[in-house]
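These notes concern the structure reproduced below.
Read the figures in this text as sums done on the coordinates, not as results from a lab. Quick caveat: nothing in here was measured; it's all calculated off a predicted structure. With ideal geometry, Cβ positions are generated from the backbone for all residues, glycine too; neighbour counts draw on all protein chains shown.
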Amino acid sequence: MKANGAPGIALARTDAEDRLVSADEPLRSFQLRCGGEIPGVVAAPALLEIVRKSRRFGMKLSRPFAAQDGVESVTALAEIEPAVDGGCTIRLRHWQARSMPVEDQAEVGERVATIDRDIAEFHARLDADQQVITAEAGSDELKPLATAMLAMPGKVWTGYVEAEGAVSGKVTHWRLLNGVSVKVAGSPRPWRVTLTPLGGTPDQPAGFELALTSDIAPPPPAPPPPAGLRKAEARLIGRDVAPVLRQPIARIIANAETIRTRLAGPLAEEYSNYAADIAAAGQHLLALIDDLTDLEVVEADDFSTAPDNVDLADIARRAAGILGVRAREQGVIVDAPRAGETLPAIAEFRRVLQVLLNLLGNAIRYSPPNSQVWIRLERIGDFARVIVADQGPGLSADEQARVFDKFERLGRSGDGGSGLGLYISRRLARAMGGDLTVESAPGQGARFNLSVPADLKADSGL
């Protein structure tokens, strides 16, 4: 370390506005690499904080500090002494610099995509051919788009929007569509596409998550419904609370992720960890809002499902494809129904998928590494059944009696769950004319059984 006047010491000076007006090496180079200038405000946040305290209180301070510039991670002991001109003298001792590992650009890209998904106002699940499976809008102006997609699932998503550089309704390689601008009928705002592959390989994904994000703020929420509207239209959370909360919470998550990943500049490790905690808490809040919205819907007096002819085997394979990445990250193998296997039933496609995603997600979350989750199909009398079985810790008889209760989490903590998923899933199953049950024993895993009416006409070939 270059010294000025004493061995092992580097000197620097700041003025009354905390601008670095002179600096020995290595602080001089560090200031410039951080995007600062000389003269310019001290670029290392931790060092700037010590300088400000010393100047404000007129006290000599000695503090260790750590900082990063994207190339090096440095630590030093800073001795700050107020000067008569209102600035400070900085003496740095024990400067140590370590090279930071080069960030994987693919990982950085994934972080940016995660931020886009968090602040998105529209989400849809697509199959391997980019055909719509489910869709959900977080803003009123995109609800007609979600309604149109849900009314005719199985169509390529580009058939519902005007996508830059894509032929309407035709399959284009997902890499060419990721990041393009689209126009949505009825929405004055421009939208940006984020397409995230799910399962399979990057060249042949098993499915996709589609998210639409706008850089223009959404319009203010609609006024509350007038008195006298039917109960379904006046639901508090789904209509009034969720749209108002979802956007600011998503922004908090996005900003926290920007800080955590140091996309806005170098940051000490402990502050990055704080930002990660904020982002995780925001994710938990968003999940809770979604669960409470679903709870309000299924508990409404006028709630009903839209039964149709569905194939439970196909829905089970789709659920396995959607959660395939999460399963691999947990070291869990999902054994789904084989291609060509079918089980016709009468149920609402998106509600069955919602239930299976919940059951499969729970099975993956609570399964030990290097274990398996099985999805099996059965026909019992007039009912078709999907079974999701795992090798987790299992449930006692008392736990089985309580597992479908509202807000019941069986003593679990720290996993972000609300205790509503299984309660909502059972309500959905029963609304479709079926049921959701569990069979288990401590240490022997759990077996959740979703049953819905079988398609009897399919049996007779009608």
Take residue 284 and residue 382, extend 7 Å from each Cα along the Cα→Cβ direction, and tell me the distance between the two endpoints in nm. 4.5
Distance between modelled label sites at residue 85 and residue 396, nm, 7 Å Cα→Cβ extension: 7.4
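Under Stokes-Einstein, with the Kirkwood radius over Cα pairs standing in for Rh, what whole-number D in µm²/s applies to region 308-460 at 20 °C and 1.002 mPa s? Can you show the working numbers first?
Details: Rh = 15.6 Å.
D, rounded to a whole number, is 138 µm²/s.
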Whole-Hz Karplus ³J(HN,Hα) for region 334-346, in order, using 6.51 cos²θ - 1.76 cosθ + 1.60 and θ = phi - 60°, x for Gly and Pro? 9, 9, 9, x, 6, 4, x, 6, 9, 8, x, 8, 10
As a footprinting exposure proxy, order 57, 303 by other Cβ within 10 Å, with the fewest listed first. 57, 303
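So between residue 272 and residue 203, what do we pick up on full extension, going 0.36 nm a residue minus the alpha carbon distance?
Working: separation 69, 0.36 × 69 = 24.84 nm, distance 3.32 nm.
Net length gain for the segment: 21.5 nm.
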Quick check for me: using +1 on Lys/Arg Cβ and -1 on Asp/Glu Cβ, what's the dipole size of region 326-367 about its Cα centre, in debye to the nearest 20? 140
Under 5 Å, built H, 5+ apart or other chain: amide partners of residue 371: 333
Search the structure for amide H atoms under 5 Å from the amide H of residue 214, placed 1.01 Å from N in the peptide plane, and list their residues when 5 or more places away or on another chain. 121, 192
